[in-house]
1. Here are some residues: 135, 119. Which one is in contact with a helix residue (DSSP H, G or I) (Cβ under 6 Å, 6 or more places away or on another chain) and either loosely packed, with under 14 Cβ neighbours inside 10 Å or closer than 17 Å to residue 14 by Cβ (or both)?
2. Output the residue which, of all residues in segment 74-83 that are part of a helix (DSSP H, G or I) and buried (at least 18 other Cβ atoms within 10 Å of the Cβ), is nearest to the chain's Cα centre (by Cα).
3. Could you go through segment 75-88 and let me know if any residue there is modelled with pLDDT of 95 or more, within 20 Å of residue 164 (Cβ to Cβ) and in contact with a strand residue (DSSP E or B) (Cβ under 6 Å, 6 or more places away or on another chain).
4. Filtering segment 235-252 down to residues that are closer than 18 Å to residue 191 by Cβ and surrounded by 18 or more Cβ atoms within 10 Å (Cβ to Cβ), which residue is modelled with the highest pLDDT?
5. Here is a check on your reading of the model: is residue 172 under 30 Å from residue 111 (Cβ atoms) and either without any contact (Cβ under 8 Å) to a residue 60 or more places away in the chain or loosely packed, with under 13 Cβ neighbours inside 10 Å (or both)?
6. Picking from 59, 113, which residue would you name as being without any contact (Cβ under 8 Å) to a residue 24 or more places away in the chain, assigned to a helix (DSSP H, G or I) and either touching a strand residue (DSSP E or B) at 6+ places or on another chain (Cβ under 9 Å) or at negative phi (or both)?
7. Output yes when any residue across segment 43-50 is at pLDDT 95 or above, surrounded by 18 or more Cβ atoms within 10 Å (Cβ to Cβ), in contact with a helix residue (DSSP H, G or I) (Cβ under 8 Å, 6 or more places away or on another chain) and outside any helix (DSSP H, G or I), and no when none is.
8. In segment 124-147, what residues are outside any helix (DSSP H, G or I) and over 15 Å from the mean Cα position of the chain (by Cα)?
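The values are calculated or read from the model by the stated rules, or taken from the named source; none is laboratory data. Given the structure is predicted, the values throughout are model-derived calculations rather than measurements. Counting neighbours? That spans all protein chains shown, and the Cβs are built from the backbone with ideal geometry, glycine included.
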């Protein structure tokens, strides 16, 4: 029978490097969970509020690294990670380094190779959550890289986000999930803002449109599941719909938007993609077939 970890095991000392909006909230979550928390930032004043809440201030990166077996870094990008930790790579040997910095999958793989050269158990994390939701059971942070680091510190990591799945040994995998999902997020935000702009052009307040968004968004999970199956098999049956019908719908939206002076760059890009797929012979296939033109 699996034994419940001791309270002491659940309160591993942690050092947090980088105190932007995310880093500060990470440190707050660790403090709230009872972890001895050491913090460092290039601008020391950003740590003042955390020090008042019980965190320990590290004067240098070396001091922060020495203070804890688990080091979490959350800065601008992987280049900043190397600038901060590069001189102290040897001091991290034998420790776990969790990188919650957003970047590309390949940049994370490069950082993982650097970590391996220094004997560091490197774990890449992708935070699919805004700072305000960190620490909640429903918050999701994806991890990949060192299985040992994830296993040894899983309790601590779940204190930052209750959903903390391990996706495999490739340190770039978590970031690959992140950039893929964020591409959906940002495209979705742009589409939503355009919807509000178009409604506003017709005199419809954004708040009046909002209750009806579910008529469209509610179908997304089932559409995504079907689309994913077809994309993975490369078979775009067109049983549910066909690509050709979408080009006229897009044209109508573009024309209506132009009538109100609303920018149509995003919609024109979508229509151009659809038109190229139709020209390539996918007119009777479903919308997912546009991926073949994206991949070009």
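1. Working: 119 fails: in contact with a helix residue (DSSP H, G or I) (Cβ under 6 Å, 6 or more places away or on another chain).
One residue alone meets the criteria, 135.
2. Step one: of segment 74-83, the residues part of a helix (DSSP H, G or I) are 78-83.
Keeping just the survivors that are buried (at least 18 other Cβ atoms within 10 Å of the Cβ) gives 78, 81.
Numbers: 78: 15, 81: 17 Å.
Among them, the one singled out is 78.
3. No - not one qualifying residue is present in segment 75-88.
4. 250
5. Details: under 30 Å from residue 111 (Cβ atoms): yes; either without any contact (Cβ under 8 Å) to a residue 60 or more places away in the chain or loosely packed, with under 13 Cβ neighbours inside 10 Å (or both): no.
When the stated conditions are applied, residue 172 does not pass them.
6. Numbers: 59 fails: assigned to a helix (DSSP H, G or I).
Only one candidate qualifies: 113.
7. Keep residues of segment 43-50 that are at pLDDT 95 or above, which gives 43-50.
Okay, now just the ones that are also surrounded by 18 or more Cβ atoms within 10 Å (Cβ to Cβ), so 47, 50.
From what is left, the residues that are in contact with a helix residue (DSSP H, G or I) (Cβ under 8 Å, 6 or more places away or on another chain) are 50.
Retained after the next criterion (residues that are outside any helix (DSSP H, G or I)): none.
Checking segment 43-50: not a single residue is at pLDDT 95 or above, surrounded by 18 or more Cβ atoms within 10 Å (Cβ to Cβ), in contact with a helix residue (DSSP H, G or I) (Cβ under 8 Å, 6 or more places away or on another chain) and outside any helix (DSSP H, G or I).
8. First, pick out the residues of segment 124-147 that are outside any helix (DSSP H, G or I): 124-130, 134-146.
Scanning segment 124-147 gives 135, 136, 137, 145, 146.
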